[in-house]
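The values are calculated or read from the model by the stated rules, or taken from the named source; none is laboratory data. Not measured: the values here are computed from a predicted model. FYI the Cβ positions are ideal-geometry reconstructions off the backbone, even for glycines, and counts take in every protein chain you see.
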């Protein structure tokens, strides 16, 4: 992508995003628009999505205000509306927002409208970040348009009590995963509803199912692109991975029949309600599962790295903080970014999200870390071999199309190979 994306290109991108976006179901805690937006230079305006990490940024804003006198005002939107809302404001050059935490995939098309944050990267900070988080905070020309805040990747949650009762250990490969899923699929009895051996999301209305599916691709020895960045979505390895998932639902019947309609919220809701024996989900579910006010399984679950097929595989995604070029409070916004990436504020984010960007904020020997995420070792292990997605400007559109392919296969509207063949032909055009 050229550094100056054309207005026509951006409008085309926004049209595709809007067509694929729906409400995620996350309840809105704040209005979509700041109708009475404060223009005072001592107020920073952030656009974020309703999530645990946003609550941490709000707490960081309170600490920032105490230290500097500069207050933070946050506008929340559902995740599936975040990129469209941000790009609309950037294209119109409204100056509505000073800050936005977004995924690296959202950052690529927004890059021409974002500040270069390279000056904020000290040698000490660079040594404390993973290479992939540094690389994925840069745009397609290598300019640091974001500051990494959060490494995000799913791992395998499992019920320790059910596994112990079945005499089994946490699965380390696909065969063991299937064995555990069969053993932990338990019919309803008395007041206990049916427990599903595994919980999988396969909805076509969100990008998150695709992120997990690509992890399965990696485990099968496949992936999204070859060394020349040519799409390889319909490889035999990828089709085998998708067939494995379809079989979990239909052949082995160890996953809910409504899997095709599920997103990550459905996964965490069922798991914390005691309805899942295992669940591949994001790190934030640690806090939910151990919250006795929300969950029936505190102290009854643990987390292990994702099981491997012919290889180890997981997708690592990165959330980055960006500063729009048209921010009216740019200097203060840059100060907030520096403040938010400190170890102390990163550990506050760890409490909310279970994983962050700085290694020093995730030291397993630190009691603060153990309290926030007692299973941090599983994610640190995965970070050794997890892979980021290809750096395509249109990667979010690609992932949306892969979610559609997954849904078509899980609903048995197409075979896995047919669904991926169709996706491949469209994705080649998308990234061209």
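Hey, can you tell me all the residues within segment 242-269 that are out of contact with any helix residue (DSSP H, G or I) (no Cβ under 7 Å at 6 or more places or on another chain) and assigned to a loop (DSSP other than H, G, I, E, B)? Those that are out of contact with any helix residue (DSSP H, G or I) (no Cβ under 7 Å at 6 or more places or on another chain) and assigned to a loop (DSSP other than H, G, I, E, B): 251, 253, 256, 262. Annotation: residue 115 fulfils all but one of (1) under 30 Å from residue 200 (Cα atoms); (2) out of contact with any strand residue (DSSP E or B) (no Cβ under 6 Å at 6 or more places or on another chain); (3) in the same structural domain as residue 50 (by TED's automatic domain parsing); the unmet one is (1).
Is segment 121-128 home to any residue that is within 29 Å of residue 265 (Cα to Cα) and assigned to a loop (DSSP other than H, G, I, E, B)? No, the conditions are met nowhere in segment 121-128. Between 197, 221, the distinction of being surrounded by fewer than 22 Cβ atoms within 10 Å (Cβ to Cβ), modelled with pLDDT of 95 or more, closer than 19 Å to residue 154 by Cα and touching a helix residue (DSSP H, G or I) at 6+ places or on another chain (Cβ under 8 Å) belongs to 221 only.
Could you say whether any residue in segment 89-99 is at negative phi, under 20 Å from the mean Cα position of the chain (by Cα) and surrounded by 21 or more Cβ atoms within 10 Å (Cβ to Cβ)? Yes, segment 89-99 contains a residue that is at negative phi, under 20 Å from the mean Cα position of the chain (by Cα) and surrounded by 21 or more Cβ atoms within 10 Å (Cβ to Cβ).
Among the residues of segment 350-367, those that are over 14 Å from residue 129 (Cβ atoms) and at pLDDT 95 or above comprise 350, 363, 364, 365, 366, 367. Among the residues of segment 402-432, those identified as over 17 Å from residue 249 (Cα atoms) and without any contact (Cβ under 8 Å) to a residue 60 or more places away in the chain are 418, 422, 425, 426, 429, 430, 432. For segment 218-237, the condition of being assigned to a helix (DSSP H, G or I), touching a strand residue (DSSP E or B) at 6+ places or on another chain (Cβ under 9 Å) and assigned by TED's automatic domain parsing to the domain that holds residue 305 holds for at least one residue. All conditions but one from (1) in contact (Cβ under 8 Å) with a residue 24 or more places away in the chain; (2) within 26 Å of residue 311 (Cβ to Cβ); (3) in contact with a helix residue (DSSP H, G or I) (Cβ under 9 Å, 6 or more places away or on another chain); (4) surrounded by fewer than 23 Cβ atoms within 10 Å (Cβ to Cβ) apply to residue 380; the one that does not is (1). Here residue 328 clears all of (1) outside the structural domain of residue 212 (by TED's automatic domain parsing); (2) surrounded by 21 or more Cβ atoms within 10 Å (Cβ to Cβ); (3) not in a strand (DSSP E or B) except the condition numbered (2).
Out of the residues in segment 59-89 that are touching a strand residue (DSSP E or B) at 6+ places or on another chain (Cβ under 6 Å) and part of a helix (DSSP H, G or I), state the one that is nearest to residue 323 (Cα to Cα). The extreme case among them is 86.
Test of understanding: among 349, 355, which residue is touching a residue at least 60 places away in the same chain (Cβ under 8 Å) and assigned to a loop (DSSP other than H, G, I, E, B)?
355
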